[in-house]
Amino acid sequence: LGEWVYFSAYQVDEKAVLDWSVRDEVGRHTFEVQRSTDAINYQRVCTLESSTQNKEATNYHFVDRDLGKLGKQSAYYRIKQLGLGGAESYSQSLELVVKSLRRILSIKIVHDSPAESLQIRVKSAIEAPVHLDILTAEGDQVWQGQLDRKLIELPLAGWKKGIYLVNVEMGDFN
């Protein structure tokens, strides 16, 4: 197996970009890119064959296009190097703190006066439950619930005129 030279991870848009380098590669082996959302349980994202047998450093590159679909604030990456005889070694584990992703969640609230109901339309780029709390400006809760549909309609009977706060939770984002 080769000797680890470096391993880096960074975010570009909704993708994680991984770069690593190994030197003194001897024998045929593979690299398994692994991802976790808790830094404990890792899953294989892809497998790459080693480029060559080389004493010099060889650079590798992988783009994880599913970062934006995880619905988490952090993703952890590591590389597992697997040799023919069952030998293995791991890179260090890197945490990638997910930058605020554009358009993970879009909520449109439509209220045409005088209306008897309020329509809330939800669009999401990730698969995660959406939980809404609607509060008065004083902090009194007027509605809470989990959205399973793309459009809900709330009756406004009993709601006072004023400003309302909407708290949205989706996956690890709120």
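Okay, here's what the table says:
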{"read-out": "Accessible area (Å², 1.4 Å probe, nearest 10) - L135", "value": "40"}
{"read-out": "Candidate residues W159, W20: accessible-area rank, largest first, probe 1.4 Å", "value": "W159, W20"}
{"read-out": "Net dipole in debye of the stretch 15-89 [+1 Lys, Arg Cβ; -1 Asp, Glu Cβ; about Cα centre; nearest 20]", "value": "240"}
{"read-out": "Separation of the E56 and D133 label points, Cα + 7 Å toward Cβ, nm", "value": "5.9"}
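The values are calculated or read from the model by the stated rules, or taken from the named source; none is laboratory data. Keep in mind the model is a prediction, meaning the values are calculated, not measured. Positions of Cβ are generated from backbone atoms using ideal geometry, with glycine treated the same way; all protein chains shown enter the neighbour counts. All accessible areas refer to the heavy atoms of the entire protein, side chains included, with ligands and DNA or RNA removed. Shrake-Rupley method; radii C 1.70, N 1.55, O 1.52, S 1.80 Å.
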